[in-house]
Each structure stands twice: as structure tokens, then as C-alpha cells.
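Encoded as C-alpha cells, the structure appears first; notes follow it.
Readers should treat all values here as calculations from the given coordinates under stated rules, not as data from a laboratory. Keep in mind that this is a model prediction, so the values were computed, not measured. Don't worry about glycine lacking a Cβ; one is built from the backbone with ideal geometry, like all the others, and counts go over all protein chains shown.
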Amino acid sequence: MDSKFYTYRFRIYPNKEQLAYLDEQIGYNRFVYNFFLERSINLYKNYGVKTNYHSNSAVLPLVKKGFSFLKEANSQSLQASIKNLDTAFQKFFKKQSGYPNFKKKGVYSSIVIPQRFAINNNSIEIPKLKTAIKVKFHRKFYEAVKSISISKTATGKYYVNMLVEKFAFTPYIPKKAIGISTGIDLGLKDFAIITTGTSINDKESFKIPNNKYLIKSQKKLVKLSRQLGKKVHRRSKQDKTTASKNYIKFKNKLSLLHEKITNQRNDFLHKLSLRTVNDSQVVVLEDLNIKGMVKNRSLSKSISDVSWSRFADMLIYKADWSGRQILTVNRFYPSSKTCSTPDCGYIYKGLKLSERYWTCPQCGTLHDRDINAGINLFLEGLKQIGRVSPEFTPAEYAPAGIQSIGYSRHTMKQEACGFSRG
């Protein structure tokens, strides 16, 4: 039976004793990860020996004897840290990410608990902790939990991340949207230009403003960063200066502002993606070369602020939940340059980025380039549904791969909508 893995994230509220325990466990796991990363680097650099999960896990008992404090750690969590390191190397060799980095205190703060945990109505129990930790379950879920992890944010908040396996019969009943196509042209001036409807004569186009959360907070970020730099703290690895209370205070202020920006952006992306998926049978996006675009220094900050990739990921997994279809149009398809007027299809090859409007020399239609692009993507969706002739404005497109979302400590799905049993 088909199944996929998803992660639910819930806020937990540990007491002082539990806080101390969790911080210790996070420290143990960070130590083990860094130890075996350094070991792997040295073995390969000095002797040409490659390591993997099995070779490293076989050495773990010896490491625990050499560092007695590791006996206080959950052994399964330590094994999970070694597994995470192995996964990081595999992604590097597949060119999916960069070379694994050493984990810094306060930056990578999480532990994996694969077994021996218990979930109650409003609490969780974990190994080696005598008391249960209070949890705020903001939504209901019916799936069995395969494993959990506990993460700590830079602002000192703790979350439990629950990996669940959803089977094909897992019920989620969205709003009916049969025959509705939605084309989305992503931008910077406006976050998205959306065209949606059921036919070429029954459609509407509207622009979603770009809220520019990061840019609006830029002055505050710069001011706090300057104030933070003036406080007493370590300025190099050799510097033994203890951070002052003012430094810690302003560091927390800066972290809270970064967290606020992230929460604002995620809230916007979740709401827009959920609404789009619920109201559409087919959603069409352009396959943008985001990695290449962020190399432009003038646009990199703005592109990072809009989070196009995260929005696309949200659309994909929510479409999977709802039985919708996501299409990605070939990045070389001239959606802005192609006239969207029926039976025209003229391509204006000389269209410049600075030209926001252009007139089709063949049919005389005045186009807003962004709305025109959204309409062309919308028509591709209609063609997929079967409401437009296949001969109309051919474009290369392919179904976006529905992600099989596995365990991830840093990319969590946090929908607030509930599930109902069918």
C-alpha cells in the first residue's frame, strides 16, 4: 500500500529540570557528530580511508569509554547523530548539498529519539527523563508516530517534531475544485500573479503583493547588529572574554527579530499555498533557475526574501494531500513573450526586462507582461484538464515530482487545517 512520510511540529514547554536535561542531550549529540566528522576527515586525508555509518557506529562504544559523560546520553540518539552525518556525506557526494560542517553551539540544536518514547494527551515521555514534557497539540492527527526529534530555536523555544507515515486512505477532504486551472507567475515587484478559472472566457487574474518582510525589517536588523557588535564578547577563537549580559540581551533581541521575519513569511506562504491548492484541480508553475538568479547581487536579497522554492515545495506536498496536480513549465518557455490572445500565439522575442507592457503587433492586444505570463500558464493547466485544444501554444511541461517527504529536523510541515475521517 502506498505511503508517504510527513512531519508534524508542536511546541513543548519543559520545566527547569527538563530544560537542563534537553540541553545536555543536545550537547552530547553535537559532540558525537563533530567527533566523527573530524575522524572521517582525518582518516581520509591521512590514510585515504573512507568511513560510513557502519564503520563509525562500530567505534561508538570505544568513544563512550573514552568520554565517560556520553554514558548519560541516549545511545539511540547518538546512533542517529552518526546516521545524520552519513546522510550529510551522501548528499555531498550526490551534489545535493555542500560539504558537512561542524555543528556550532546554538546553531544546530536538536536530538533524534527513534524509539522508547510515549505520546499522551498533552505530554510526551522520552528515555532517561523521569517526568513528562508538556506539549501544545494545536491540531489533531491520526497516524502512528514512527520517531520524534526535539529541536531548540535560537530564541530558546523547544519543539517536538513527529515523523508519521500517511497511507493512501489517510483522510483529507478539501474543497471541490474540478475543472479549475491556476497559473502562477512568480515575481519580485508582486509576489505572484495568479490567473484562475474554468475556461478561456471564464477566468480572473489578480496580483498578490510582495510583503518584503526582510527588507522592511532591514533597518532594525542593521541597528541591532551594530549594537550587538559593541557589547563585550569573544571576537576570535583565542579570545577568552566572557560575553556580557548586555551582549546576551541584544543577541536575543536579534534572534527574536529574525524569528519574527521567518514566522511572517511562513504564515503568508502557508495560507496562500493552501488556498491555491484547495481552489484548483491543476496548478501550473514555471521551473525557475533560482540558484542562478541569486548570484545576481542586486536581486539576491529580494529573491531570498520571497522564498519561491519554499512556496513551490508547499504547493507540491499539499497537492499530494489533496489529490491535486502540480505542473512545472520548462524554464525556457516564453510565457511573458507569448501573446495569450486566443488563436494568436505571437512571440515577442525582443521583450526586455524593463518593458512591463507590450502590444502584440499581430493582434494589437496590449499586455501586462506579468498577467500575460500568468494567463499562458493558466492555459497550460486547461490544456492538461482537456478544455483547450492541444494545438494551442505548445510548451514543454512535466508533472512536478510529488515529494516523498521523509524525516527532516529542519524542514517541518505545520498546517493548521485538521483531518477528518471518511
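Here the contact order of the chain, divided by its residue count and restricted to Cα pairs under 8 Å and six or more residues apart, works out to 19 percent. Sites count as exposed loop sites when they are GluC sites (Glu not before Pro), lie in a DSSP loop, and have at most 16 other Cβ atoms within 10 angstrom; the longest stretch of the chain without one is 1-354. Shape class for the range 1-112: oblate, because the ratio a/c of the largest to smallest gyration tensor axis (alpha-carbon atoms, square roots of eigenvalues) is 1.5 or more and b/c is at least a/b.
Taking the C-alpha atoms only, the angle from helix 75-93 to the longest principal axis of the chain is near 40 degrees.
With contacts taken as Cα pairs under 8 Å and at least 6 residues apart, the range 203-264 reaches a relative contact order of 33 percent.
For the range 3-167, the relative contact order works out to 36 percent when only alpha carbon pairs closer than 8 Å and six or more residues apart are counted.
Modelled spin-label separation between residue 57 and residue 294, with each label point placed 7 Å from Cα along the Cα-to-Cβ direction: 3.2 nm. Seen against the Cα atoms of the chain and their longest principal axis, helix 218-230 is set at about 20 degrees. For the chain, the longest principal axis of the Cα atoms and the long axis of helix 53-66 meet at an angle of about 30 degrees.
A Cβ-based charge dipole, computed about the Cα centre of the chain with Lys and Arg at +1 and Asp and Glu at -1, lands at about 2760 debye. Look at where the Cα atoms of the range 29-90 and of the range 330-350 average out, and the two centres are 55 Å apart. When you count the other C-beta atoms within 10 angstrom of each residue and take the mean per peptide, 340-347, 93-100 line up highest first as 340-347, 93-100.
In the chain, helices alone account for a calculated mean residue ellipticity at 222 nm of -12500 deg cm²/dmol, with every DSSP H run of four or more residues adding -39,500 (n - 2.57).
Which entry in (1) 35, 25, 19; (2) 45, 26, 22; (3) 83, 28, 15 matches semi-axes √(5λ) of the Cα gyration tensor in Å derived from the coordinates of this structure? Label of the calculated value: (2). Counting only Cβ charges, +1 for Lys and Arg and -1 for Asp and Glu, the dipole size of the range 1-95 around its Cα centre is about 360 debye. Checking every one of the trypsin sites (Lys or Arg not before Pro) in the range 244-309 against DSSP loop status and a limit of 16 other Cβ atoms within 10 Å picks out 295, 297. Shape analysis of the range 204-315 places it in the prolate category; the axes a ≥ b ≥ c from the Cα gyration tensor give an a/c of at least 1.5, with a/b above b/c. Computed from point charges on the beta carbon alone (+1 for Lys and Arg, -1 for Asp and Glu), the dipole magnitude for the range 3-167 about its Cα centre is near 380 Debye.
Restrict the search to the range 1-52; then list the trypsin sites (Lys or Arg not before Pro) that DSSP places in a loop and that have at most 14 other Cβ atoms within 10 Å of their Cβ. When the trypsin sites (Lys or Arg not before Pro) of the range 1-52 are filtered for loop state and at most 14 Cβ neighbours within 10 Å, 50 remain.
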